[in-house]
Amino acid sequence: MFQQIEERLAAELERQLASRFDLRAKVSLEQPKQSSFGDLAIPVAFQLARQLKRPPKQIAEELATGLASFPGVASLEIAGNGYINVRLDRAAYASALVRNEDEPVRETAGKFIVEHTNINPNKAAHIGHLRNAVLGDTFVRMLRKRGRRIETQNYIDNTGVQVADVVAGFHFLEKQSPREVQSLIDGPSIRFDYLCWDLYARTSAYYKDHADSLAWRDATLHAIEAGAGELAELGRIVADNIVQAHLKTMYRLGIEYDVLPRESEILHLQFWATAFALLKERKAIYFETEGKNKGCWVMPSSAFRTSAPQSEESAGDDDSKVIVRSNGTVTYVGKDIAYQLWKFGLLGKDFFYRLWSTYPSGHAVWVTTDQPQPIPSPSFGGASKVFNVIDSRQSYLQEVVVAGLRALDFNEQADASVHFSYEMVALSPRTCVEMGIELSEEDKRRPYVEVSGRKGLGVKADDLIDKLIETALVEVEERHPEAPPAERRAVAEQIAVGALRYFMLKFTRNSVIAFDFHEALSFEGETGPYVQYAAVRAANIFKKYLERGQTMPRFEEALTIDVLKAGFESEPLWQLLLLASKADGAIERAIAAGEPAHVAKFAFQLAQSFNNFYHEYSVIAEPNASRRSLLLWLTQFVREQILAAMQVLGIQQPIYM
RNA sequence: GGGGGCGUAGCUCAGUUGGAUAGAGCAUCAGCCUUCUAAGCUGAGGGUCACAGGUUCGAUUCCUGUCGCCCCUACCA
């Protein structure tokens, strides 16, 4: 609702600028620093002052007279040097909300792809992966909420070095056959992803001490790529089972996918070969005949470096990017270019798809395969915009991918390729100590310590979730000793997920999270449970109200303009209503900024305002019937908006807390 | 060396694209549970927005420089 008024006011002002001053300018409205200044502030007179060479105050006055009778606006005043402060007609505004006159969200044309999670399928997921998945999933929810059509992809690098290293570990270190590994998986009480976590670290350490054993990796990679033999069989077993484990972990957080594109199909279906031919034909890459990259196909650095400095000393350095190695194999970036081309429907090829699994909701996840399938699948790919949720350390590789598109003259798609980057999750030194990780004196002084899958250094996602549930359960059991255990468990799980998702979202994308157990396990202050608690309190008001045998009023009849006018003369009630009505605008702004954290912040602020209201006003005990209706409606409206924000954040409301 | 990011309260972080008196949470201290359950609420203290210039009506925000921290700069991803 707020957004509508904002847009209409801005449009009207732009019209006036054109007619009065013959200026075409974008007008933006802002929130006044203090609520006593009004509901909306227009600083446009300042911008115009320079162009028109007139005092801003004068311009503001002139514009204000033109807006005097704007529908929905109660009054305008000029403040400071030339702000136009707008006060809304509170009763009219509230009335429109009571009668649900908000414009419906319109679905936009075209499809967006959001690719996220993308965990190497060779070990258990850790907290860094959680940040990726929660960020990506929340962004998907934001976009869907605002009418965008989204396809969620989780790319599976099932033929890469990381899988190969675990396979090599099973085969060469553990001397285990595919059959033995499979029976390990089928056997009781073994967490295969945890077992691989350790094996991966062990194999990496072994490589370090025995340089000659690196030949295992090459042998394994070749076998996996060829797709035949015991090593390839092990590769399939490891990757498939770990993918299943990752999907399970992510589902605990309410994260689902539409399709799992796999690297094996990019290779087997000749996606790379097609892209390679294109790149060669358009001269985007060339065959290097000298220097350190001799024998490789490389992309010149001029293609992806915006500034091409090359100082005197470094002139000899070759910072071109190798796309095809001298042994003829393609790098990840090469495969990623092919994949990116497919996402936009530019490759002229498609995968085959097979059902991977179905979520309890009935939503299906599909996986790519290299063979035609009898059962038809939905169509995937062919998007107009692509968001790749990938950590910022890979920005260089992402630049190369986009440069690849550009070199092929797909400029529109290059512009529509977004690296949705975020900083890593590291560990606070305190948490390292708690986990028994030994730190050097240097590391202890650092603000954070980087996690390393290769070293097995990190916090596993499921361990963290379990720990959160355990912590929440202690509180729930204490507060609700009479409730059935299964129900308490369900509540604790919702609280744990709320805490975790909020924790991963409260930081903006480019801030490094120094993960700290104490902070992550906190359920007080700016946390998910705080928001959930506000929603539970709102729900409790209705629960108690109905329990006492009262019936809900018909708001449209009870809340006449006069009742609304009297009610919202109260500043705190009006401020709460106004804030709640900004939910859609907050989500839209968060999309524009690419910051899921903004939605989290909004949810927290609204919860905070509601908690204030909850403390200050008695809803059920209000003796005056029409005022009680007003308070009930306000509670309902705020609750709806908090729940809407929570849904976008992937946070549920427990039945009690 | 080159590219990118960051520096805001004791700690962890926001800051709506250049606007009005810079905000939260945690921690500390002082209060509030017979109430729609306190995972909550109220209040207090805490700031040279790293530093120095510049741009202009106005700078935490933009530009330049300095200092400090981080990431990237593989025929790994």
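The values are calculated or read from the model by the stated rules, or taken from the named source; none is laboratory data. Note that the coordinates shown come from a computational prediction; the quantities given were computed from them, not determined experimentally. Don't worry about glycine lacking a Cβ; one is built from the backbone with ideal geometry, like all the others, and counts go over all protein chains shown.
Give region A:434-451 a look and list any residue that's part of a helix (DSSP H, G or I) and either surrounded by 10 or more Cβ atoms within 10 Å (Cβ to Cβ) or among the aromatic types (Phe, Trp, Tyr) (or both), or say none.
Matches in region A:434-451: A:Glu434, A:Asp443, A:Lys444.
Residue by residue through region A:395-416, note down the ones that are in contact with a His (Cβ under 9 Å, 6 or more places away or on another chain) and among the hydroxyl-bearing types (Ser, Thr, Tyr).
Matches in region A:395-416: A:Ser395 only.
Scan (1) surrounded by 21 or more Cβ atoms within 10 Å (Cβ to Cβ); (2) more than 24 Å from the chain's Cα centre (by Cα); (3) near RNA strand B (Cβ under 10 Å from one of its atoms) for the single condition A:Gly404 breaks and write down its number.
Result: A:Gly404 passes all but (3).
Would you be able to say whether some residue in region A:463-481 is touching a residue at least 24 places away in the same chain (Cβ under 8 Å), within 7 Å of RNA strand B (Cβ to nearest atom) and within 22 Å of the chain's Cα centre (by Cα)?
No, the conditions are met nowhere in region A:463-481.
For region A:61-151, list the strands (runs of 3 or more DSSP E) that sit wholly inside it and hold at least 1 residues that are among the hydrophobic types (A, V, I, L, M, F, W, C) and buried (at least 23 other Cβ atoms within 10 Å of the Cβ); which are they?
So the answer is A:83-88, A:111-115.
On the basis of being surrounded by fewer than 14 Cβ atoms within 10 Å (Cβ to Cβ), of a type in the set (A, V, I, L, M) and either at positive phi or touching a residue at least 40 places away in the same chain (Cβ under 8 Å) (or both), does A:Ile541 make the cut?
No; evaluated as a whole, the condition is false for this residue.
Collect the residues in region A:605-624 that are in contact (Cβ under 8 Å) with a residue 60 or more places away in the chain and either of a type in the set (Lys, Arg) or farther than 17 Å from A:Tyr530 by Cβ (or both), keeping them in residue-number order.
Selection gives A:Val619, A:Ile620.
Would a scan of region A:454-461 turn up a residue that is touching a residue at least 40 places away in the same chain (Cβ under 8 Å) and either within 9 Å of RNA strand B (Cβ to nearest atom) or closer than 16 Å to A:Ile655 by Cα (or both)?
For region A:454-461, residues touching a residue at least 40 places away in the same chain (Cβ under 8 Å) and either within 9 Å of RNA strand B (Cβ to nearest atom) or closer than 16 Å to A:Ile655 by Cα (or both): present.
Give the residue, chosen from A:Phe21, A:Phe70, that is more than 14 Å from RNA strand B (Cβ to nearest atom), among the aromatic types (Phe, Trp, Tyr) and without any contact (Cβ under 8 Å) to a residue 40 or more places away in the chain. Can you show your working first?
Values: A:Phe70 fails: without any contact (Cβ under 8 Å) to a residue 40 or more places away in the chain.
Exactly one of A:Phe21, A:Phe70 is more than 14 Å from RNA strand B (Cβ to nearest atom), among the aromatic types (Phe, Trp, Tyr) and without any contact (Cβ under 8 Å) to a residue 40 or more places away in the chain, namely A:Phe21.
Pick from region A:600-638 the residues that are of a type in the set (D, E, K, R) and out of contact with any Asp or Glu (no Cβ under 7 Å at 6 or more places or on another chain): which of them is farthest from RNA strand B (Cβ to nearest atom)?
A:Arg627
Looking at A:Leu52, A:Leu76, which is the one that is at pLDDT below 90 and not small (Gly, Ala, Ser)?
It is A:Leu52.
Are any of the residues in region A:551-560 under 29 Å from A:Gly72 (Cβ atoms), among the small types (Gly, Ala, Ser) and more than 11 Å from RNA strand B (Cβ to nearest atom)?
Looking for residues that are under 29 Å from A:Gly72 (Cβ atoms), among the small types (Gly, Ala, Ser) and more than 11 Å from RNA strand B (Cβ to nearest atom), one finds at least one in region A:551-560, hence yes.
When region A:567-584 is examined, which residues are found to be touching a residue at least 24 places away in the same chain (Cβ under 8 Å) and either in a loop (DSSP other than H, G, I, E, B) or surrounded by fewer than 19 Cβ atoms within 10 Å (Cβ to Cβ) (or both)?
A:Phe568, A:Glu569, A:Glu571, A:Pro572, A:Gln575, A:Ser581, A:Lys582
Being within 6 Å of RNA strand B (Cβ to nearest atom) and of a type outside the set (Gly, Ala, Ser) is the filter here, so list the residues in region A:320-335 that pass it.
Passing the criteria: A:Val322, A:Arg325, A:Asn327, A:Thr331, A:Tyr332.
One residue is enough: does region A:10-19 have a residue meeting the conditions modelled with pLDDT of 85 or more, of a type in the set (Lys, Arg) and over 20 Å from A:Leu577 (Cα atoms)?
The answer is yes; a qualifying residue exists.
For region A:309-330, indicate whether the set of residues that are crowded, with 17+ Cβ neighbours inside 10 Å, of a type in the set (Ser, Thr, Tyr) and modelled with pLDDT under 95 is non-empty.
Yes.
Considering each residue of region A:505-530, count those that are within 9 Å of RNA strand B (Cβ to nearest atom), part of a loop (DSSP other than H, G, I, E, B) and surrounded by 15 or more Cβ atoms within 10 Å (Cβ to Cβ), and give that number.
Summing the residues that are within 9 Å of RNA strand B (Cβ to nearest atom), part of a loop (DSSP other than H, G, I, E, B) and surrounded by 15 or more Cβ atoms within 10 Å (Cβ to Cβ) in region A:505-530 gives 10.
With the checklist (1) farther than 30 Å from A:Tyr206 by Cβ; (2) away from RNA strand B (no atom under 13 Å from the Cβ); (3) surrounded by fewer than 17 Cβ atoms within 10 Å (Cβ to Cβ) in hand, flag the one item A:Ser392 doesn't pass.
(2)
Among the residues that make up region A:451-469, is at least one of them more than 15 Å from A:His126 (Cα to Cα) and not aromatic (Phe, Trp, Tyr)?
Within region A:451-469 (the criterion being more than 15 Å from A:His126 (Cα to Cα) and not aromatic (Phe, Trp, Tyr)), the answer is yes, since at least one residue qualifies.
Check region A:614-632 and report whether any residue there is of a type in the set (S, T, N, Q), part of a helix (DSSP H, G or I) and closer than 30 Å to A:Arg146 by Cα. Steps first, answer last, please.
Here is the first cut: in region A:614-632, the residues of a type in the set (S, T, N, Q) are A:618, A:624, A:626, A:629.
From what is left, the residues that are part of a helix (DSSP H, G or I) are A:626, A:629.
Pick out the ones that are also closer than 30 Å to A:Arg146 by Cα and you get none.
Within region A:614-632 (the criterion being of a type in the set (S, T, N, Q), part of a helix (DSSP H, G or I) and closer than 30 Å to A:Arg146 by Cα), the answer is no, since none of the residues qualifies.
From the list A:Tyr502, A:Tyr533, pick out the single residue that is aromatic (Phe, Trp, Tyr), near RNA strand B (Cβ under 9 Å from one of its atoms), at pLDDT 95 or above and assigned to a helix (DSSP H, G or I).
A:Tyr533
A:Ala592 fails exactly one of the following numbered conditions: (1) without any contact (Cβ under 8 Å) to a residue 12 or more places away in the chain; (2) closer than 13 Å to A:Val531 by Cα. What is the number of that condition?
So A:Ala592 meets the others, but not (2).
Examine region A:32-40 for a residue that is within 11 Å of RNA strand B (Cβ to nearest atom), of a type in the set (Gly, Ala, Ser), under 36 Å from the mean Cα position of the chain (by Cα) and buried (at least 21 other Cβ atoms within 10 Å of the Cβ), and state whether such a residue exists.
Checking region A:32-40: at least one residue is within 11 Å of RNA strand B (Cβ to nearest atom), of a type in the set (Gly, Ala, Ser), under 36 Å from the mean Cα position of the chain (by Cα) and buried (at least 21 other Cβ atoms within 10 Å of the Cβ).
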